Amino acid sequence: MSPASAEPATAAPGLPAEVVCAEARTDEERLMHRGIRHAVFVEEQGMFVGSDLDAHDRREDLVRVLAFKRGQPVGTVRLYPLDEHTGLWKGDRLAVLPAARTCGAGAPLVRYAVAYARSHGGQRMIAQIQLANVRFFERLGWSAYEEAEDYLGLRHQPMQIALHGDKVTPE
């Protein structure tokens, strides 16, 4: 999906444009994905020095998702299976550019990740959520399953969501 094709043709003039999420599959889209992560996690938050890329970025089963608003990339998330036998997936590196934080890109990115994992056999998804974003995730159906902990220099809350049924039981 190219940035130009990300805007739905049904958006009426004068109405807010929808946020459209899609898997980043081309080299250009993967560069956009990395650029957003770099802008948020390296430049803005200082969680990493130089780059936030890690071993997960080399996984063949890694799913990179971009959010587009008016055809422009505004956010990203990545996800991957942790255990195929139990259907455990992890979502991480959710990032929305500062100028786009009020455009509503976060929820569609999280919903896309959850739906993707569910459609690929996932039973449960986990994530490390910065404390400031816990209420946002709770509104999307996620729940805490352990005490908050330091993760990459910031306090994070381990959270989870059931991908099938309506109850999650931690391992």
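Any read-out appearing in this document is the output of simple, stated calculations on the displayed coordinates, not a laboratory observation. Everything numeric in this text was worked out from a predicted model, so none of it was measured. Backbone-built Cβ (ideal geometry, glycine too); neighbour counts: all protein chains shown.
Helix content alone sets the calculated 222 nm mean residue ellipticity of the chain: runs of n ≥ 4 DSSP H residues at -39500 (n - 2.57) each, divided across all residues, give -5500 deg cm²/dmol. Net charge in the neighbourhood of Asp54 (other residues with Cβ under 13 Å of its Cβ; Lys, Arg +1, Asp, Glu -1) is +4. With respect to the chain, whose longest principal axis is taken over its alpha-carbon atoms, helix 106-119 is tilted by about 60°. Only the Cβ atoms of Lys and Arg (+1) and of Asp and Glu (-1) were treated as charged; on that basis the dipole of the stretch 66-122 about its Cα centre amounts to roughly 320 debye.
Would you please classify the overall shape of the stretch 27-115 from the alpha carbon gyration tensor, given that a ≥ b ≥ c denote the square roots of the eigenvalues, rounded means a/c under 1.5, and beyond that prolate means a/b larger than b/c while oblate covers the rest? Oblate, since a/c reaches 1.5 and b/c is not below a/b.
For Gln157, what charge total do you get from the other residues with a beta carbon under 9 Å from its beta carbon, if Lys and Arg give +1 and Asp and Glu give -1? After counting each charged neighbour, the total is -2.
Here the contact order of the chain, divided by its residue count and restricted to Cα pairs under 8 Å and six or more residues apart, works out to 18 percent.
A Cβ-based charge dipole, computed about the Cα centre of the chain with Lys and Arg at +1 and Asp and Glu at -1, lands at about 460 debye.
Counted without the sites themselves, the longest stretch of the chain free of trypsin sites (Lys or Arg not before Pro) in a DSSP loop having at most 16 other beta carbon atoms within 10 Å is 102-166.
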